[in-house]
Amino acid sequence: MGWNLTELVARHQVPGAQVAVLADGEIRDEAAGVLSLHTQVETTTDAVFKIGSITKIWTATLVHQLVTEGVLDLDRPVRDRLPEFRLSDRAATESVTPRHLLTHTSGLAANHFAPAGSIEEFVANLADEEHLLPPGTTHSYSNSGFVMLGRLVEVLRGKPFHDVLRDRLVVPLGLGTVATDVYEAILHRAAVGHVKTTPTKKWAVSPQTAPSGSHLAMSAHDLLVFVRHHLTDPALAELREPQLDVPDFGEGVVGWGLAWMRYGDGVFGHTGVSKGQKAFLRVVPEKGLAVAVLTNSTNGVPLAYDVFNANGIETAPLPTPPTNPAPIDDWMCGTYRNPMYDITLDRTCLTYRPRTELAESFLSARRVDVVRLGDRSIITIGSHDVMSLIGSDAHGRANYLHNGAAAYRIA
């Protein structure tokens, strides 16, 4: 394939990985390393890795089927098809559409963590959760929005989301390794996530977030069988049509289709993160080319970039702090809020103040040093995390601190 995967997993300290390449209609795949540093079970091409938020493209495909059948209109309010739908913001309740959810412009916060035993209960709990932004205001990545789409699929198909996924995609496409929940995953050789090289203690989070990517697992080969279906069915090209552009978040994403990320130069894809596993997908429809890289470590990013570049999908290196950064301006500084944190940006750092006990438990550092990266962006010291400052209030100050999900200015 033009690279040595065994050498790459060793170089980047990734316990195990799978790579699959779709070219000229054929899929080639390879595996290297181990599924867990604890068990030392060998990684094989039929093992299953969690694909995280790449699941969102699968959810969008199920939604597209409903649209094609005339059952759902992307631009009509969700409440047209789900009358019990409630948000804490009354105006948002009446106006959120499936298109808002597919493009992450619904204003729903990235994650809601209220206990729930089902997707139905999770969606019902949204009525008690803070609503971040008016629908259509700005792009703000939302896992919760895709759980909402999963609930629409359940109601309109009359069966649980995972059953619809299996009936409408897994079985018709003949996908032998796809596990739609943890009970199916244990029937395969399943990869275990690692924080760098330390195995995680949990394989997944709560099942009610399944449509946003918590449980779907598969081989890289089967992921590309699904992608090949997208490239050979002309109707599915509608999901890749540009919907909006986004600011620089440091990952090369320039815009959004319907669930698909746009990377510029005709490249589409998505990434997925789930309990120490990182999954990467890049697709060039005009060339019929697709590459999937599945890893079981938080170290997976540079390995995936090496594979993409080796296969002719040019990927810019991860951003790094400039040697002589410009100062952070007053219009950027201030305090920004999301449902979990109040985040204060000054000229040298970000300071995080948790708003809940749960947020406190997630916090790894209260203070993070930052420098100016671009005209409207900053970057953290010691990592590749980029945040953009977008919008402008009456005083010329940025409205939002944005790292893919928005936090709005409160001071």
Can you send over the solvent-accessible area of Val71, 1.4 Å probe, protein chains only, in Å² to the nearest 10? 50
Just to be sure I understand, if you calculate mean projected area of the Cα convex hull in nm² for this structure, which of (1) 19.1; (2) 25.8; (3) 21.1 do you get? (1)
For segment 1-143, compute Rg over Rh where Rg is the Cα radius of gyration and Rh is the Kirkwood radius from the inverse mean 1/r over Cα pairs. 1.11
Quick check for me: using +1 on Lys/Arg Cβ and -1 on Asp/Glu Cβ, what's the dipole size of the chain about its Cα centre, in debye to the nearest 20? 640
Farthest toward the dipole's positive end in segment 261-411, which of Tyr336, Leu363, Asn399, given Cβ charges of +1 (Lys, Arg) and -1 (Asp, Glu) about the Cα centre? Leu363
Distribution output for segment 259-327: share of Cα-Cα pairs per 10 Å bin in percent, first bin at 0, values 19, 46, 25, 10, 0
Roll a 1.4 Å probe over the protein chains and send me the accessible area per residue for the chain in Å². 42
For segment 191-271, how big is Rg over Rh, using alpha carbon atoms and the Kirkwood form of Rh? 1.03
D (µm²/s, integer) via Stokes-Einstein for segment 359-410, Kirkwood Rh across alpha-carbon pairs, 4 °C, 1.567 mPa s: value 106
Ignoring ligands, DNA and RNA, what percent of the 1.4 Å accessible area of segment 192-270 is carbon and sulfur? 54
Could you tell me the calculated FRET efficiency between Lys202 and Asp369, based on Cβ-Cβ distance and R0 = 25 angstrom, to the nearest 0.05? 0.25
Grab the beta carbon distance between Arg81 and Thr323, set R0 = 60 Å, and tell me the FRET efficiency rounded to 0.05. 0.65
Report Thr298's accessible area, 1.4 Å probe, all protein chains in place, as a number in Å² to the nearest 10. 50
FRET efficiency, 1/(1 + (r/R0)^6) with R0 45 Å, evaluated for Ile410 and Val182 via beta carbons: 0.70
What percent do you get for the relative contact order of the chain when only Cα pairs under 8 Å and 6+ apart count? 18
List the pairs from Lys196/Lys275; Lys50/Lys159; Lys56/Lys196 whose alpha-carbon separation is above 19 Å, in the order I gave them. Lys50/Lys159; Lys56/Lys196
Among His139, His395, His221, what's the order by accessible area (1.4 angstrom probe), most exposed first? His395, His221, His139
Dimensionless Rg/Rh of segment 206-332, both radii on Cα and Rh by Kirkwood, sits at 1.00
Most to least accessible of Glu130, Glu84 (protein chains only, probe 1.4 Å): Glu84, Glu130
Checking rank on 260-267, 167-174, with mean other Cβ inside 10 Å and highest first, the result is 260-267, 167-174
Relative contact order [Cα under 8 Å, 6+ residues apart], segment 108-161, whole percent: 45
Treating only the Cβ atoms of Lys and Arg (+1) and Asp and Glu (-1) as charged, compute the dipole magnitude of segment 106-243 about its Cα centre; round to the nearest 20 debye. 520
Quantify, in whole percent, the carbon and sulfur part of the accessible surface of segment 105-157 (1.4 Å probe; protein heavy atoms only). 47
Check: C-alpha center segment 238-288 vs C-alpha center segment 105-175, spacing in Å is 20
Let me know the charge dipole size of segment 289-411 about its Cα centre in debye, to the nearest 20, where only the beta-carbon of Lys, Arg (+1) and Asp, Glu (-1) is charged. 280
Taking the dipole of the chain about the Cα centre (Lys, Arg +1; Asp, Glu -1; charges at Cβ), the one of Val182, Ala114, Leu389 that reaches farthest to the positive side is Ala114
Simple spin-label estimate for Glu94 and Ala316 in nanometres, 7 Å along Cα-Cβ: 4.2
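The values are calculated or read from the model by the stated rules, or taken from the named source; none is laboratory data. If you're wondering where the values come from, they're calculated on a predicted model, not measured in any experiment. In this analysis, Cβ positions are derived from the backbone assuming ideal geometry, glycine residues included, and neighbour counts consider all displayed protein chains. SASA here: full protein model, heavy atoms, side chains in, ligands and nucleic acids out. Shrake-Rupley method; radii C 1.70, N 1.55, O 1.52, S 1.80 Å.
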